[in-house]
2 protein chains.
Amino acid sequence: MQGVDPAWLPDGAFRPIGTRRTLIRGTGPLVDTVRGEVTEACARFGGAVVQDDPDLVLELTGEDDGGEAFTCGRRDGCTTVTATGARGLLYGFFHVVRLGEAAFLGETEPQHHRPELALRMLDHWDNVAVHPVMGQVERGYAGGSLFWADGRARGDLERVRAYGRLLAACGINAVAVNNVNVHAAEARLLTDRIGEVADIAGALRPYGIRTHLSVTFAAPVVLGGLETADPLATEVREWWAGAAARVYAAIPDFGGFVVKADSEGQPGPFAYGRSHADGANMLAAALAPHGGTVHWRAFVYDHRQDWRDRSTDRARAAYDHFVPLDGEFADNAVLQVKHGPMDFQVREPVSPLIGAMPGTRLAVELQATQEYTGQQRHVCWLGPMWSEVLRCEIAEGSPVGALARGGLVAVSNVGDDLFWTGHPLAQANLYTFGRLAWEPGADPHRILDEWIRLSFGAGPGSGPAAGLRSILDGSWRTYEKYTAPLGVGFMVQPGHHYGPSVDGYEYSPWGTYHFADRDGVGVDRSVASGTGYAGQYAKPWAELYESPETCPDELLLFFHHVSYDHMLKSGKTVIQHIYDTHFEGVAEVEAAREVWGSLVGLVDPARHARVAERFEEQLRSAREWRDQVNSYFFRKSGVPDERGRRIY
Amino acid sequence: MQGVDPAWLPDGAFRPIGTRRTLIRGTGPLVDTVRGEVTEACARFGGAVVQDDPDLVLELTGEDDGGEAFTCGRRDGCTTVTATGARGLLYGFFHVVRLGEAAFLGETEPQHHRPELALRMLDHWDNVAVHPVMGQVERGYAGGSLFWADGRARGDLERVRAYGRLLAACGINAVAVNNVNVHAAEARLLTDRIGEVADIAGALRPYGIRTHLSVTFAAPVVLGGLETADPLATEVREWWAGAAARVYAAIPDFGGFVVKADSEGQPGPFAYGRSHADGANMLAAALAPHGGTVHWRAFVYDHRQDWRDRSTDRARAAYDHFVPLDGEFADNAVLQVKHGPMDFQVREPVSPLIGAMPGTRLAVELQATQEYTGQQRHVCWLGPMWSEVLRCEIAEGSPVGALARGGLVAVSNVGDDLFWTGHPLAQANLYTFGRLAWEPGADPHRILDEWIRLSFGAGPGSGPAAGLRSILDGSWRTYEKYTAPLGVGFMVQPGHHYGPSVDGYEYSPWGTYHFADRDGVGVDRSVASGTGYAGQYAKPWAELYESPETCPDELLLFFHHVSYDHMLKSGKTVIQHIYDTHFEGVAEVEAAREVWGSLVGLVDPARHARVAERFEEQLRSAREWRDQVNSYFFRKSGVPDERGRRIY
């Protein structure tokens, strides 16, 4: 593919394998994929696929059991990967790719590798047609859709296949190919246009990736001509059963449905007086005979709220809606929960719902597309944030990564951009997501180093690696510094969500307020005097968040309304913290831009140019954030900056 | 036309003529129009067009001299209208229509009537194609375009002809048929699509209305294939001369060009290092051989301003750009100036430019379409505002209405809506504009009564007239009360400009700020300490506006930044004034809605239903304005309402 960036699979990554003798045992499509990979690498680098005297053995042992685990070890000068499932063999192959030359050094006891989460999924918010407001990819910052062009599935699916290969190399095994907001054209993917989905599934299948489809709850009405979509109505259940059967006839390994119901205008079971368990279970029943799963999103809240009403709290909504339904969902129904209670802000607490539904299979949803984190014009590596979430023991002794029995999902940040993700460094988010989904407790910094080494071909300490690490490592906290402070969130331009507007959502119906006045700022979500949201947590979180004295600084304004002279644990007042972090954040962007400039000649020129261009915009935007936020709070508080810096 | 509202020309308005014997003398197309009107009225009501013994004589005396004046009197039981021009006869005819039965009572000395302004024009911001952001009619709130549909001029021009008739009946004699922001398709109206403009001109001509066209300054490049649009380049001048000649070949009575240049992204002479006089005069030269006029808009300012920079003042821009060019414009170049220095806010001072260019023909531009005054969902009769502007003696002894030697122009509020203007009561703005353009010193309240009598068929004191007058008469001040206070302007939602967003433009590049902080609000435009804008005025205005002590309350925040406890001449503090007016404004809307409710049965049911529906939205929106503005200033100032009313 002319000009498409190789991301973390540059040709050079295959040199260690491609220069060696590899023995491959086993049959089936995925083994063929592995064989094809090795053969191509050898053709390029002079190695060979052999029957004897191998440097590397890749072996599917026995019948393919469908498993994803593999074992890798090295003795007597031969590296051996074995797996009981073909998917496992594929992951083992990419494990060797990731190890590079290290895979062929010394001796290593066989080590067993298996993904901790069975489902590692990307949700594409791609529309088939270009939406008049949202464009083709809703919240997409990397061009048009990889899957859809000119109103239908792409005819040339080479790029989709290449995408599947990248995903497999970081461990992702499922993709939902269309937007959870299902518009008219996209609704028909479920029925008469399922052939297009099958074509895409065919391109992803060789890399072990199952295809899922977002469907509209109103499908029986809008597609089936029924008068109701009531999930308890017999004709509705029959319609869905028939629809699911036809989908599986076209795509035998189809993954299942993704549903956004009763949310931001999408139809759902509430219209029929039914619960979300009724809705999800009806779809689960349709999918069950075929082994499919329904992913039912928990993003349900009142988006027509009155800003005057301070008792309603959007943060409470998912918990209030769904916890009463715990235990009622079918085994193949997964409740898909955003990691925070609001909407992918740069800083949120972990959703208390995740710890409160032991009888339900939950999937946790992250957002790789940087809707609120710089829209892939800003460097913002989300690994540390996601890792904090996944390691957070939100229920006693159980981290989020273990509670996500239904899998880990990210909203994709990929489009038909030549760099895949618009900002080349945003590829790190996609890669990190895949690796964390495989191992939620992994050290994200190790993943970052791995990504840098694969993508930029340099080990730690050499070439551009140190520079890249310094740019990416703290970039999330840098972004946090120059945007909305102390967990209060939003303050973005309404609609497109790019750039600052401190009061942009303050008098809106969206439930996203900061309540700043001349004396203070923040949302009182305590039980004692606020919305009671803090009480949705189990111990110790409920107590921790309840009081401004114990609440962590970085979430203080999410949980409490405090005065500008409130003293943080850091020893700074809230207002001085706002000023300081905003000046620091911009300084950090300036420094990162400098570092990037110094890497010219050490990285691919096209990548360098694209990132350099984005740094200019990031810096402009960061300064705008700094000046608007500081001016806003200075005008409101009247408190001068201790250090006398320029505030407008 | 099925279902189209008759506006101020219901059939009944023609009864007084249609029941009588009318003698018509003269020949020519406009006389034929008059004859057709009378004949149709007689066919309906039993009168006759006669050769002798008339009750009414309508006479074109001699050759048509093109004049618009007429004389009307009554003696010996016969009403006589004479005119030396056919247009005058047409206006005389509608004068009799407006008089109704009163035209046929008693004896009246002949009275001479002539328009004070020769050009009385509507600018339609209509696009041929539907623009993806702006829709078809930019800032249009009455449906699609009257002129253009399905990407070309309407085939059926009956509605356009009816529109021309309404305009003639209130004295309007010119229409620009496309948006001043000239997009690609619309640019071609000047050249290969001029035939479509000619069709529209043909439908408007029978009512004495000339057609004008908005053109792009870049036409020689984008249409002519030249490499430059430099107004001093010979090939450019020749291209425009040829283009103008071809326009006049298609439309012999074509009015001229309207140009928005170097403004909000439109191309202009600055790109070639030329002045706006160079640009305008080049087009004037192309039009001069044919008797046409170029209307060159003075709406030139920096729309990429830095909000941090308090020295740049958008209000200054038109004066700073154009006053140095006074005397340089050709005779057939008209500089078209918005009535205020900003952009059609509910309250602005008169533009100082209007009093400062004695050597230039100026046209004054008003905005009938209610972009910033409720978008035809709110009742807001602009007659009193326009009248204040026109009677303001901005240069010593000369009111704006006399300084507007180039004419009075309004941005049209009409579309293909069945009520013409979306909100039926917004018809009053169109009518009032026409009548004020004819007689800028007229009492707007008399015009309102005339409009009510014609449109609702009731004299003062009877039927719905008193109610209508009470709803409309103070509606502009009501709107002012519940929106941005004391002349500070804006505070609207960015982009579409509907509904409140106090900080919506505060940190934007558009030059529209209020600078509210915890201590005060307003823009210091004094010479002593501010941007110096106040110094652009002649005496006595410069002194009046310079000091907060003498500046009129209603413009205080336009000219000065004052503290919330600043005492107004009204005896209230600024902050209490904000609270009081916002509560009052909503109460006045509630009262108006009540009055409208009481008129059910007294007005046409379709009109009643439409207005009733709009009142619901107006009230909702007014409450939103009240609560957001009051909350914003309460949160900032900390000053409680003296009367303890609810502020959020």
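Setting aside same-chain residues fewer than 8 positions from A:Lys572, which aspartates and glutamates have a Cα under 15 Å from its Cα? Here the aspartates and glutamates satisfying the reach criterion relative to A:Lys572 are A:Glu549, A:Asp553, A:Glu554, A:Asp580, A:Glu584, A:Asp641, A:Glu642.
Looking at the stretch A:165-265 from every direction and averaging, what is the projected area of its Cα convex hull in nm²?
Numbers: hull surface 27.2 nm².
The directionally averaged projection comes out at 6.8 nm².
What area, in nm² and to one decimal, does the C-alpha convex hull of the stretch B:364-442 cast on average over all directions?
Values: hull surface 20.2 nm².
Average of the hull's projected areas for the stretch B:364-442 equals 5.1 nm².
Using the 1.4 Å probe convention, the accessible area of the stretch B:11-113 works out to 45 Å² per residue with neighbouring protein chains retained.
For the set B:Ser501, A:Ser526, the ranking by accessible area, highest first and with no ligand, DNA or RNA atoms included, is B:Ser501, A:Ser526 under a 1.4 Å probe.
Please grab the % of Cα pairs in the stretch A:11-113 that end up more than 24 Å from each other. Here the long-distance tail beyond 24 Å is 12 percent of all Cα pairs in the stretch A:11-113. With θ taken as phi - 60° and the Karplus curve 6.51 cos²θ - 1.76 cosθ + 1.60 applied, the whole-hertz 3J(HN,Hα) list for the stretch B:251-260 is 9, x, 9, 3, x, x, 9, 10, 9, 10 Hz, x standing for glycine and proline. Counting only Cα atoms, the stretch B:73-112 measures 27, 17, 13 Å along its principal axes, largest extent leading. Taking a ≥ b ≥ c as the square roots of the eigenvalues of the Cα gyration tensor of the stretch B:120-442, is the shape rounded (a/c under 1.5), prolate (a/b larger than b/c) or oblate? Verdict is rounded for the stretch B:120-442.
In Å², and per residue, what accessible area does the stretch A:527-604 have when probed at 1.4 Å with the other protein chains present?
I get 42 Å² per residue for this part.
Translational diffusion of the stretch A:299-396 was estimated from the Stokes-Einstein equation, with Rh taken as the Kirkwood radius over Cα pairs; at 25 °C and 0.890 mPa s the coefficient is 165 µm²/s. Start at zero, step by 5 Å, and the Cα-Cα distances of the stretch B:96-222 spread as 2, 10, 18, 20, 17, 11, 7, 5, 4, 3, 2, 1, 0 percent across the bins.
In the stretch A:278-308, burial by the other protein chains removes 10 Å² or more of 1.4 Å probe accessible surface, compared with the chain on its own, from A:Trp307, A:Arg308. For the stretch B:123-191, the alpha carbon positions stretch 34, 23, 21 Å along the principal axes, listed from largest to smallest.
Which order do you get for B:Ser275, B:Ser351 if you rank them by accessible area with a 1.4 Å probe, largest at the top? Don't skip to the answer; put the middle values down first.
On the way: B:Ser275 30, B:Ser351 5 Å².
Highest to lowest solvent-accessible surface, that is B:Ser275, B:Ser351.
For chain B, the fraction of C-alpha pairs more than 38 angstrom apart is 34%. Note on B:Lys338: lysines with a C-alpha under 24 Å away, same-chain residues under 8 apart excluded, are B:Lys260, B:Lys481, B:Lys539.
Which loop trypsin sites (Lys or Arg not before Pro) in the stretch A:115-199, with loop taken from DSSP, have no more than 16 other Cβ atoms within 10 angstrom of their Cβ?
Details: sites: A:Arg120, A:Arg139, A:Arg152, A:Arg154, A:Arg159, A:Arg161, A:Arg165, A:Arg188, A:Arg193; in loops: A:Arg139, A:Arg154, A:Arg193.
Listed in order of number, the matching sites are A:Arg193.
Note on the stretch A:79-167: along the principal axes its Cα atoms extend 58, 26, 23 Å, ordered by decreasing extent.
Rounded to the nearest 5, the antiparallel percentage of DSSP beta bridges internal to the protein assembly as shown is 30%. Pairing chain A with chain B buries about 2200 Å² of accessible area. This figure sums both sides and uses a 1.4 Å probe. Solvent-accessible area of chain A (1.4 angstrom probe, protein heavy atoms only): carbon and sulfur portion equals 50 percent.
Ratio of the protein assembly as shown's C-alpha Rg to 2.2 N^0.38 Å, to two decimals?
Numbers: Rg = 36.1 Å, N = 1296, 2.2 N^0.38 = 33.5 Å.
Dividing the Cα Rg of the protein assembly as shown by 2.2 N^0.38 Å gives 1.08.
As a check on your grasp of the helix formula, calculate [θ] at 222 nm for chain B: sum -39500 (n - 2.57) over DSSP H runs of n ≥ 4, divide by the residue count, round to the nearest 500.
Working: 20 runs with 225 residues, N = 648.
After summing the helix terms and dividing by the residues of chain B, the value is -10500 deg cm²/dmol.
Looking at the stretch B:418-496, the accessible area is 26 square angstrom per residue; that uses a 1.4 Å probe and ignores ligands, DNA and RNA.
Across peptide A:634-641, what mean number of C-beta atoms from other chains lies inside 10 Å of a residue's C-beta?
3
The values are calculated or read from the model by the stated rules, or taken from the named source; none is laboratory data. Note that the structure is a prediction, hence the values are computed from the model and not measured. Quick reminder, even Gly has a Cβ in these numbers, built from the backbone with ideal geometry, and neighbours come from all protein chains shown. These accessible areas exclude ligands, DNA and RNA; they are computed on the full protein's heavy atoms, side chains included. Shrake-Rupley method; radii C 1.70, N 1.55, O 1.52, S 1.80 Å.
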